[in-house]
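Engineer: Please see the structure below; I have some questions.
The values are calculated or read from the model by the stated rules, or taken from the named source; none is laboratory data. On a predicted model such as this, the values are computed, not experimentally measured, just so you know. Every residue, glycine among them, receives a Cβ derived from its backbone with ideal geometry; neighbour counts consider all protein chains shown.
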Amino acid sequence: FDILPGDFSKRNFIFSVFREVMNSFNFKEILTPVFENTELFKRGIGEETDIVSKEMYSFSEGKFTLRPELTAPVIRAYIENGLFNESPVKKLFYISNLFRAERPQKGRYREFWQFGAEIIGSDDIYSDAEIIQIPDVILKKLFINDFIVKINNIGSIDERAMYINELKTFLSKYTNDLSETSRIRLEKNPLRILDTKNEKEIEILINAPKINNFLKTETKQKFDKLLNLLNKLNINFEIDYNLVRGLDYYSQTTFEFQSTKLGSQNAILGGGRYDKLIELLGGKPTPAIGFAMGIERLLIILEENNYRFPLESAPDIYIITSGDNAKEKSVLITKELREKKFICETDFLNRSIKSQMKEADKIKSKYVIVIGENELSSGKAKIKKMESGEEFEISLNDVNDITKIIKE
């Protein structure tokens, strides 16, 4: 889809909010290539995930893939560039476009934008709290309050292994009631069935074993500590024992921010801990946690909330000209004004003074100056304040005459 100037101004405003908040949390921005070796996503995300098995745009005989997500590329960059040597904990964020070969629907496109963040190098529960706090701060800063944080702890690899065995045994009794996709998942990754949107399967899962019954005491205590922190941060959350997220690299904390404004696909953002991913991709064992937010989904919510975006920047001054000599003079004046950070516009179509005045009004220019042969001869002109109609005489040979009025 095309992002037109009016839409881009909204995005740029949102991006400025992201960057302001991330700066307050001392995160640094990172950008990775649009495509990566396909093997990175197979190893990092998991070959049996929907993303890798169905939704990737690959080329060059499958060797390269347009990035479908950004955690694996960011971790690849972290390892290859030795960012772990700079400090024991790296806090990174990104704003980038991604690509997935899935059916377009509300808030989901084949090319889409994400904002996300990663804290790499800490397994401290306070880093979990911070990574959940960041989107909470951003959404509230944008006056979005009708959301809830669904949260779960899916345990370590060992804890999950015991749970998966029990879950598989339970679901095997309902094989004939499962969809074809879920029957495949039952053999390859039973946890993914917990993500189902199938009503019959949701009913079956009501009586399924819960992951929290398989967690060690230490894991439960850490999770309880995190929940206590979220309470103190006034973050509205709800425990969801079926929340596992769709990527294989998650462990321990997983979460989603859900909104009523998005229909059945109600996640604004999601994330979790991935303590084994860096080792899996060739780095040293390093804990990490992160999240990713869909920009298009965020825009849907803001528009449904009738959010008042800042107006697009209007020209400070429009210089109306009559004749080549006047146009040349306008070029010299606008050069000086732009160097002083003023937004300037002038005519390129040799239109009449009346037509140029209409254009200045249409684009909401704050001031206009008319330059013709008389003004050039006298070296003086009138500057008009469009809102009030007030006029002031200025020298065409001293740009400070103009700036003094525009600044007022």
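Engineer: What single numbered condition from (1) more than 25 Å from the chain's Cα centre (by Cα); (2) outside any helix (DSSP H, G or I) fails to hold for residue 290?
Structural biologist: Going through (1) more than 25 Å from the chain's Cα centre (by Cα); (2) outside any helix (DSSP H, G or I) one by one, residue 290 breaks only (1).
To keep it simple, each residue is scored yes or no on (1) touching a Cys at 6+ places or on another chain (Cβ under 9 Å); (2) in contact (Cβ under 8 Å) with a residue 12 or more places away in the chain; (3) surrounded by fewer than 19 Cβ atoms within 10 Å (Cβ to Cβ).
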{"position": "23", "(1), (2), (3)": "no, no, yes"}
{"position": "27", "(1), (2), (3)": "no, yes, no"}
{"position": "35", "(1), (2), (3)": "no, yes, yes"}
{"position": "74", "(1), (2), (3)": "no, yes, no"}
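Engineer: Looking at residue 382, is it surrounded by fewer than 19 Cβ atoms within 10 Å (Cβ to Cβ), in a strand (DSSP E or B) and of a type outside the set (Gly, Ala, Ser)?
Structural biologist: yes
Engineer: Among the numbered criteria (1) surrounded by 13 or more Cβ atoms within 10 Å (Cβ to Cβ); (2) farther than 19 Å from residue 123 by Cβ; (3) under 32 Å from the mean Cα position of the chain (by Cα), which single criterion is violated by residue 186?
Structural biologist: (3)
Engineer: Consider residue 354 carefully, then state whether it is modelled with pLDDT of 95 or more, within 21 Å of residue 391 (Cα to Cα) and either surrounded by 13 or more Cβ atoms within 10 Å (Cβ to Cβ) or not small (Gly, Ala, Ser) (or both).
Structural biologist: For residue 354, the condition - modelled with pLDDT of 95 or more, within 21 Å of residue 391 (Cα to Cα) and either surrounded by 13 or more Cβ atoms within 10 Å (Cβ to Cβ) or not small (Gly, Ala, Ser) (or both) - is met.
Engineer: Being in contact with a Ser or Thr (Cβ under 9 Å, 6 or more places away or on another chain) and not assigned by TED's automatic domain parsing to the domain that holds residue 51: is that true of residue 179 here?
Structural biologist: Yes.
Engineer: With the structure loaded, tell me whether residue 252 is more than 23 Å from residue 295 (Cα to Cα), of a type outside the set (Lys, Arg), at pLDDT below 95 and not in a helix (DSSP H, G or I) or whether it fails that test.
Structural biologist: The answer is yes for residue 252.
Engineer: Is there a residue being touching a Phe, Trp or Tyr at 6+ places or on another chain (Cβ under 8 Å), assigned to a helix (DSSP H, G or I), modelled with pLDDT under 95 and under 20 Å from residue 92 (Cα atoms) anywhere in the stretch 264-277?
Structural biologist: yes
Engineer: Follow-up question, since we're still on this one. Of all residues in the stretch 114-150 being in contact with a Ser or Thr (Cβ under 7 Å, 6 or more places away or on another chain) and not polar (S, T, N, Q), which is nearest to residue 210 (Cα to Cα)?
Structural biologist: Looking at residues that are in contact with a Ser or Thr (Cβ under 7 Å, 6 or more places away or on another chain) and not polar (S, T, N, Q), I get 128.
Engineer: Also: Answer with yes or no whether residue 345 is modelled with pLDDT of 95 or more, within 43 Å of the chain's Cα centre (by Cα), more than 30 Å from residue 265 (Cα to Cα) and among the acidic types (Asp, Glu).
Structural biologist: Here the answer is yes, as residue 345 does meet what is asked.
Engineer: Under 8 Å between Cβ atoms, which residue pairs at least 6 apart in sequence (or on different chains) link something in the stretch 303-317 that is under 18 Å from residue 385 (Cβ atoms) with a partner that is modelled with pLDDT under 90?
Structural biologist: 316/406; 317/406
Engineer: Now a separate question. From the list 345, 387, 359, 336, pick out the single residue that is over 30 Å from residue 127 (Cβ atoms), among the acidic types (Asp, Glu) and in a loop (DSSP other than H, G, I, E, B).
Structural biologist: 387
Here is a yes/no grid of residues against (1) at pLDDT below 85; (2) of a type in the set (Lys, Arg); (3) part of a helix (DSSP H, G or I):
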residue	(1), (2), (3)
183	no, yes, yes
191	yes, no, yes
200	no, yes, yes
209	no, no, no
213	no, no, yes
218	no, no, yes
221	no, no, yes
225	no, yes, yes
229	no, no, yes
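Engineer: What about residue 8, is it assigned to a helix (DSSP H, G or I), surrounded by fewer than 18 Cβ atoms within 10 Å (Cβ to Cβ) and modelled with pLDDT of 85 or more?
Structural biologist: Answer is yes for this residue.
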